[in-house]
Amino acid sequence: MRDHDTLAPRPATQGGARPLLGMTVLVVEDSRFACEALRLMCLRSGARIRRADSLGAARRHLSVYRPSVILVDIGLPDGSGLDLVARLAQARPRIGVILAMSGTPDAASAARAAGADGFLAKPLDSLGLFQSEILRHLPPDHGPRGPRVIPLDSIAPDPLAYRDDLDHMRDLLGDTPDGAALAYAAQFLSGVARDAGDSALARAANGLTGPGAVACLAHVISLIDHRLAERAVL
């Protein structure tokens, strides 16, 4: 039986348009763009949000407090989010809802095998899907009572959050990255660029691993510099 000690039963008058009212969501995610989408979703849903950008930061958060819900990105700079999911799934008392996130659809089966309750596919742009995936894993007395209107809103993060991600990658790639750094940059950039609708950079980033990585690196840096310059003008 699952342990839901971290969630307190909610009065019937709470919920409605803000069905996560009173909950705390810990987001373990290294992309500012993805975090901004989740921040807006939590705000619209009534939940408090805290952020950790790595496995190490997540462990520090969890040593101090226990959130109601945790969302874990599978690709993190210091390891796989699946390792954290597996550890949390076995912990007692257990966090109320554990969800994994990825831009790779077939990662859902690996996430559930690791112990995740559910899975959120990137890009994270549907408020209704975000709320529903959390609520359906809560015990009946912890969610909103009665009928609930599912919002159809699409969430659009501030483009400045995408710039923050590009700045981060520019620093990483401009410092003679090794193979591990290139592999991380390929995964990170291809995902966040795809989510931001930047298909050209997403395609280029996929080439940061493999035999043509050196030549591709210069191209990717050029694309990033061009995008940063455009935003600087704006």
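When DSSP beta bridges are limited to those with both residues in the chain, what percentage is antiparallel, rounded to the nearest 5? List each step's numbers first, then the result.
Working: 3 of 21 bridges.
Counting only bridges with both partners in the chain, antiparallel ones make up about 15 percent.
Could you work out how much longer the chain between Leu160 and Asp106 gets when fully extended? Use 0.36 nm per residue separation minus the Cα distance between them, nm to one decimal.
Computed gain between Leu160 and Asp106 is 16.5 nm.
Whose amide H sits under 5 Å from the amide H of Ser54, counting only residues 5 or more places off or on another chain, with H placed in the peptide plane?
Placed amide hydrogens put Glu29 under 5 Å from Ser54.
Pick out the long, greasy-scoring helices in the chain: whole DSSP H runs spanning 20 Å or more along their own axis by Cα, mean Kyte-Doolittle at least 0.0. Walk me through the numbers on the way to the answer.
Details: long enough: 159-173 (21 Å, -0.68); 179-195 (24 Å, 0.65); 213-233 (30 Å, 1.01).
Flagged H segments are 179-195, 213-233.
Hey, with R₀ at 30 Å, roughly what FRET efficiency would Arg59 and Arg203 work out to, going by the Cβ-Cβ distance, to 0.05?
Working: r = 35 Å, r/R0 = 1.16.
Between Arg59 and Arg203 the formula returns 0.30.
Given the DSSP H assignment, sum -39500 (n - 2.57) over each helix run of at least 4 residues in the chain and divide by its residue total; what's the result at 222 nm in deg cm²/dmol, nearest 500? Write down the numbers at each step before the final one.
Numbers: 9 runs with 111 residues, N = 234.
Computed mean residue ellipticity for the chain: -15000 deg cm²/dmol.
Which length gain, in nm to one decimal place, applies between Asp83 and Asp225 when the Cα-Cα distance is subtracted from 0.36 nm times their residue separation?
Full extension of this stretch gives 47.7 nm more.
Coordinate-derived values only; no laboratory data. Worth saying up front: this structure is predicted, and the values here are computed from it rather than measured. Glycine gets a Cβ as well: all are built from the backbone with ideal geometry, and neighbour counts include every protein chain shown.
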